[in-house]
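Trainee: There's a structure below that I have some questions on.
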Amino acid sequence: MCCERTKSMALHSGTNEQADQAMSSTADLLAAKVSSLHRSAHVIDTHCDTPLRIIDPETWLPCLDIGQPTQLMVDIPKLQSAGVSIQVFAANTGGYALDGGGQNFSKSNSRLLALVLAIHHVLTHSSHEVGPVTCAPDLEKLPGQGRIGILASIEGAYSFCPENAHELLRQYHDLNIRMLSPVWNNSNALGEGVAGQYPDQSPSTGGLTELGQAVIRDMNDLGIIIDVSHMNEKTFWDTLAISKAPVIASHSSAYALCPHVRNLKDDQIRAIADTGGVVQVNFHRPFLSADPSLATLDTVVAHIDHIVKVGGIDAVGLGSDFDGADMPAELSDASKLPDLTRALLQHGYHDDQIIKILGENSARLFNRVFALATAASPVDSGLVIHTDIGMGEARDRMAPLSAHYTLSSDAVLDTSRVRVILDGISHPATVDPAAKMISWTPPPALPEAFHAVTFSAACLGCPDVRHTVIYHLR
């Protein structure tokens, strides 16, 4: 009897070992599949708020190097470990109210420029690891070089007013902004946000304003991706009626699964899909479940499932909201994105479907928006402008703003078209032909710290040449 019991125990032990080996083998195969997908696919996250964490809270100047490991949800080592090929960095503001009511456009612009400067800081301090995404070729070129593409976005255009919107949008484009959300939760001069009130808490009504309509058209012309996250329903539908390019919801989930005002209803998901657009699932726990404590990695997969069911497999992507939201434990930072891929495989998604979700859908949308742009691309007219102000440079309040220019031997400067644009407002400039210098002195009462300055000039019979930088007052 003892021998039989010993034999039985040995057989049972062998069975357990075989089961463990089988499980280990399956896990290894799954891990290899995940790794292969993240090496071969575009992995694109269309929203993080990391620039907010990079700047000093008092000066708004860049103070953190995310080229090294940090405590943030997103840094370059985490993106590299997850195989991310394109990361969208958002410059966010919800707007500022004036003391007597109304909107402080200058402060909103200063804040946005400080955050755009933070993105520039990342690009310049980690240029071997990352590069800017400004056009369609960058989507393939940068990952092909082993670098991560950084696409710069504005979340909440509270700097726009009738006097500056047209030119300020072009300055943002000069500064490599390629995605823009007209509103955040608050309403503004472009339209109504989900909160239904302006930054001064006065109530708002209606959808997209006339100015907002003009900005949407300008975004189409420039090839700036329109982000409909944070719009209320009226603003959303007005935008889709006007835009000639597909739109993106850079970080929104499914209202049918979690009835939060920031999520999209099924008819909105279908409408975005019909434009060729993409709904990027947000990982913020309150947007995933009415009881945020129940939101997990599986809940994220459930929202992906629902958007696929409603809009199709081509209409879904990833918009984490890292560094700006409350994540499920399994998706605590960017390095955990492969765990989402593993969950999709275990849920039954095929490789080609996962490749679309991870980033192929987003890349297709980016390429389409860039291709539909109608604004003229820069041409070699024989004129080159070199600003005397470095990007992010500190300047004295009364210091003149200047740039030098060079001309080819057959080029003639059209002095009637020389101007300096400061924060969206155009000013006639002084031209010194002997020194080949353009200059302009800003007013002494210039408000706020951060400013965008553009030197614009043209040769006879040629399009404008522009050079734009951000500077800040000492």
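The values are calculated or read from the model by the stated rules, or taken from the named source; none is laboratory data. These numbers were taken from a predicted model, which means no experiment stands behind them. Note: ideal-geometry Cβ built from the backbone for every residue, glycine included; neighbour counts use all protein chains shown. All accessible areas refer to the heavy atoms of the entire protein, side chains included, with ligands and DNA or RNA removed. Shrake-Rupley method; radii C 1.70, N 1.55, O 1.52, S 1.80 Å.
Trainee: Identify all aspartates and glutamates with a Cα-Cα distance to LYS244 below 20 Å; exclude those on the same chain that are fewer than 8 residues away in sequence.
Mentor: In chain and number order, the partners are GLU210, ASP218, ASP221, ASP227, GLU233, ASP267, ASP274, ASP314.
Trainee: Using only the alpha-carbon atoms, what does segment 377-474 span along each of its principal axes? Please give whole angstrom values in decreasing order.
Mentor: 41, 28, 21
Trainee: If you don't mind, another one. Applying the Karplus parametrisation 6.51 cos²θ - 1.76 cosθ + 1.60 with θ = phi - 60° to the phi angles of segment 248-261, what ³J(HN,Hα) value in whole Hz is obtained for each residue in order, glycine and proline being reported as x?
Mentor: 10, 9, 5, 7, 9, 10, 8, 4, 4, 8, 8, x, 9, 4
Trainee: Determine the share of the chain's accessible area contributed by carbon and sulfur atoms, expressed in whole percent, with a 1.4 angstrom probe.
Mentor: Values: 10450 of 19560 Å².
Answer for the chain: carbon and sulfur cover 53 percent of the accessible area.
Trainee: Let me know the longest stretch in the chain that avoids all GluC sites (Glu not before Pro) found in a DSSP loop with at most 13 other C-beta atoms within 10 Å.
Mentor: 164-474
Trainee: With a cut-off of at most 15 other beta carbons within 10 Å, and DSSP calling the residue loop, which trypsin sites (Lys or Arg not before Pro) in segment 246-320 qualify? Please list them.
Mentor: Answer in residue order: LYS265.
Trainee: Determine the gain in length on full extension of the stretch HIS166-ALA435; use 0.36 nm per residue of separation and subtract their C-alpha separation, reporting nm with one decimal.
Mentor: Contour length minus Cα-Cα distance gives 93.7 nm.
Trainee: For segment 117-275, what is the per residue volume of the convex hull drawn over the alpha-carbon atoms, in cubic angstrom?
Mentor: Measuring per residue, one finds 130 Å³ for the Cα hull of segment 117-275.
Trainee: Remind me, relative contact order of segment 317-433 in percent, using alpha carbon pairs under 8 angstrom and six or more residues apart?
Mentor: Across segment 317-433, relative contact order equals 16 percent.
Trainee: Here's something else I'd like to know. Take every DSSP beta bridge whose two residues both sit in the chain, then give the antiparallel share in percent to the nearest 5.
Mentor: 50
Trainee: Another question about this same structure. Relative contact order for segment 251-298: what percent, with Cα pairs under 8 Å and sequence separation of 6 or more?
Mentor: Here the relative contact order equals 40 percent.
Trainee: Scan around ASN92 for amide H atoms under 5 Å from its own, H built in the peptide plane at 1.01 Å from N, and keep only partners 5 or more places away or cross-chain.
Mentor: Excluding prolines and chain starts, which carry no amide H, the hits are GLU155.
Trainee: Further, regarding this structure: Calculate I(q)/I(0) for the chain by the Debye formula, one identical point scatterer on each C-alpha and no solvent, and give its log10 at q = 0.08, 0.14 Å⁻¹ to two decimals.
Mentor: -0.50, -1.36
Trainee: With the crude spin-label approximation of a point 7 Å out along Cα→Cβ, what separation in nm comes out for ALA394 versus SER332?
Mentor: Modelled inter-label distance: 3.8 nm.
Trainee: What percentage of all Cα-Cα pairs in segment 260-309 are separated by more than 19 Å?
Mentor: In whole percent, the long-distance tail amounts to 25.
Trainee: Something else about it: Taking a ≥ b ≥ c as the square roots of the eigenvalues of the Cα gyration tensor of segment 56-202, is the shape rounded (a/c under 1.5), prolate (a/b larger than b/c) or oblate?
Mentor: prolate
Trainee: If you rank LEU61, LEU168, LEU413 by how much accessible surface each has, with a 1.4 Å probe, what is the order from largest down?
Mentor: Descending order: LEU61, LEU413, LEU168.
Trainee: Here's something else I'd like to know. Normalising by the residue count of segment 189-288, find the relative contact order in percent from Cα pairs under 8 Å and 6+ residues apart.
Mentor: Worked out over segment 189-288, it gives 24 percent.
Trainee: A further question follows. Below 13 Å, Cα to Cα, which aspartates and glutamates can LYS33 reach? Residues fewer than 8 away in the same chain don't count.
Mentor: Counting by Cα, and skipping residues close in sequence, LYS33 has these aspartates and glutamates nearby: ASP339, ASP351, ASP352.
Trainee: Which net charge results for the neighbourhood of ALA343, defined as the other residues with beta-carbon distances under 9 angstrom from its beta-carbon, given Lys and Arg at +1 and Asp and Glu at -1?
Mentor: Net local charge, ALA343 excluded: -2.
Trainee: Work out from phi, with θ = phi - 60° and the Karplus expression 6.51 cos²θ - 1.76 cosθ + 1.60, the ³J(HN,Hα) of each residue of segment 189-206, listed in order in whole Hz, and give x for Gly and Pro.
Mentor: Along segment 189-206, the couplings run 5, 9, x, 9, x, 5, 6, x, 8, 7, x, 8, 6, 6, x, 10, 9, x Hz.
Trainee: Can you give the angle from 0 to 90° between the axis of helix 297-311 and the longest principal axis of the chain, with both taken from C-alpha atoms, to the nearest 10?
Mentor: Helix 297-311 sits at roughly 70 degrees to that axis.
Trainee: If you bin every alpha carbon distance in segment 21-82 into 10 Å steps from zero, what whole percent lands in each bin?
Mentor: Final binned percentages: 18, 33, 26, 15, 7, 1.
Trainee: Okay, next question. Taking just the alpha carbons, could you work out the radius of gyration and Dmax for segment 169-252, both in angstroms?
Mentor: Using the Cα atoms of segment 169-252, the pair Rg, Dmax is 12.1, 34 Å.
Trainee: At 7 Å along Cα-to-Cβ for each site, give me the label-to-label distance between GLN346 and GLU58 in nm.
Mentor: Output for this residue pair reads 4.7 nm.
Trainee: For VAL384 and SER81, what does the FRET efficiency come to when R0 = 41 Å and r is the distance between their Cβ atoms, rounded to the nearest 0.05? Intermediate values should be presented prior to the final figure.
Mentor: On the way: r = 41 Å, r/R0 = 1.00.
Computed FRET efficiency for VAL384 and SER81 comes out at 0.50.
Trainee: Put +1 on the Cβ of every Lys and Arg and -1 on every Asp and Glu Cβ in segment 111-198; which of LEU168, LEU139, TYR198 then has its Cα farthest towards the positive end of the dipole?
Mentor: So the residue we want is LEU139.
Trainee: Calculate one ³J(HN,Hα) per residue across segment 279-295 by plugging θ = phi - 60° into the Karplus curve 6.51 cos²θ - 1.76 cosθ + 1.60, and present them in order as whole Hz with x for glycine and proline.
Mentor: Per-residue couplings from phi come out as 9, 9, 5, 8, 8, 4, 4, x, 8, 9, 8, 4, 10, x, 5, 8, 6 Hz.
Trainee: Per residue, how much accessible surface does the chain expose to a 1.4 Å probe? Answer in Å², no decimals.
Mentor: Roughly 41 Å² per residue, with all protein chains present.
Trainee: Summing Lys, Arg as +1 and Asp, Glu as -1, what charge do residues with Cβ under 14 Å from the Cβ of PRO286 carry, PRO286 excluded?
Mentor: Details: positive: ARG262, ARG285; negative: ASP291, ASP321, ASP326.
So the environment of PRO286 carries a net charge of -1.
Trainee: Compare LYS141, LYS244 by solvent-accessible area with a 1.4 Å probe and give them largest first, with all protein chains kept in place.
Mentor: In descending accessible area the options line up as LYS244, LYS141.
Trainee: Can you list the aspartates and glutamates whose alpha carbon sits under 18 Å from that of LYS336, skipping same-chain ones fewer than 8 residues off?
Mentor: Qualifying aspartates and glutamates at Cα under 18 Å: ASP28, ASP45, ASP49, ASP75, ASP298, ASP321, ASP323, ASP326.
Trainee: Relative to the Cα centre, what is the charge dipole magnitude of the chain, using +1 at the beta carbon of each Lys and Arg, -1 at the beta carbon of each Asp and Glu, and rounding to the nearest 20 debye?
Mentor: Dipole about the Cα centre, nearest 20: 360 debye.
Trainee: Need one word for segment 213-256: rounded, prolate or oblate. Basis is the Cα gyration tensor (sqrt eigenvalues a ≥ b ≥ c); a/c below 1.5 gives rounded, then a/b vs b/c decides.
Mentor: Prolate, because a/c is 1.5 or more and a/b exceeds b/c.
Trainee: If you take the beta carbon distance between VAL412 and GLN71 as r and set R0 to 60 Å, what does 1/(1 + (r/R0)^6) give as a FRET efficiency, to the nearest 0.05? Please list the in-between numbers first.
Mentor: Values: r = 56 Å, r/R0 = 0.94.
The formula returns an efficiency of 0.60 here.
Trainee: Now for a different question. Amide H to amide H, which residues 5 or more places from ASP200 or on other chains are under 5 Å from it, using H placed in the peptide plane?
Mentor: For ASP200, whose amide H was placed from the backbone, the distant partners under 5 Å are GLY102.
Trainee: At SER127 and ILE425, where each label point lies 7 Å from the Cα along Cα→Cβ, what is the point-to-point distance in nanometres?
Mentor: 3.4
Trainee: If you build the Cα gyration tensor of segment 90-142 and take the root of 5 times each eigenvalue, what three semi-axes come out, in whole angstrom, biggest first? Could the numbers behind the result be given before it?
Mentor: Details: eigenvalues 210, 29, 8 Å².
Those come to 32, 12, 6 Å.
Trainee: Taking H as built 1.01 Å from N, whose amide H comes closer than 5 Å to the amide H of LEU401, not counting residues under 5 places away?
Mentor: TRP440, THR441
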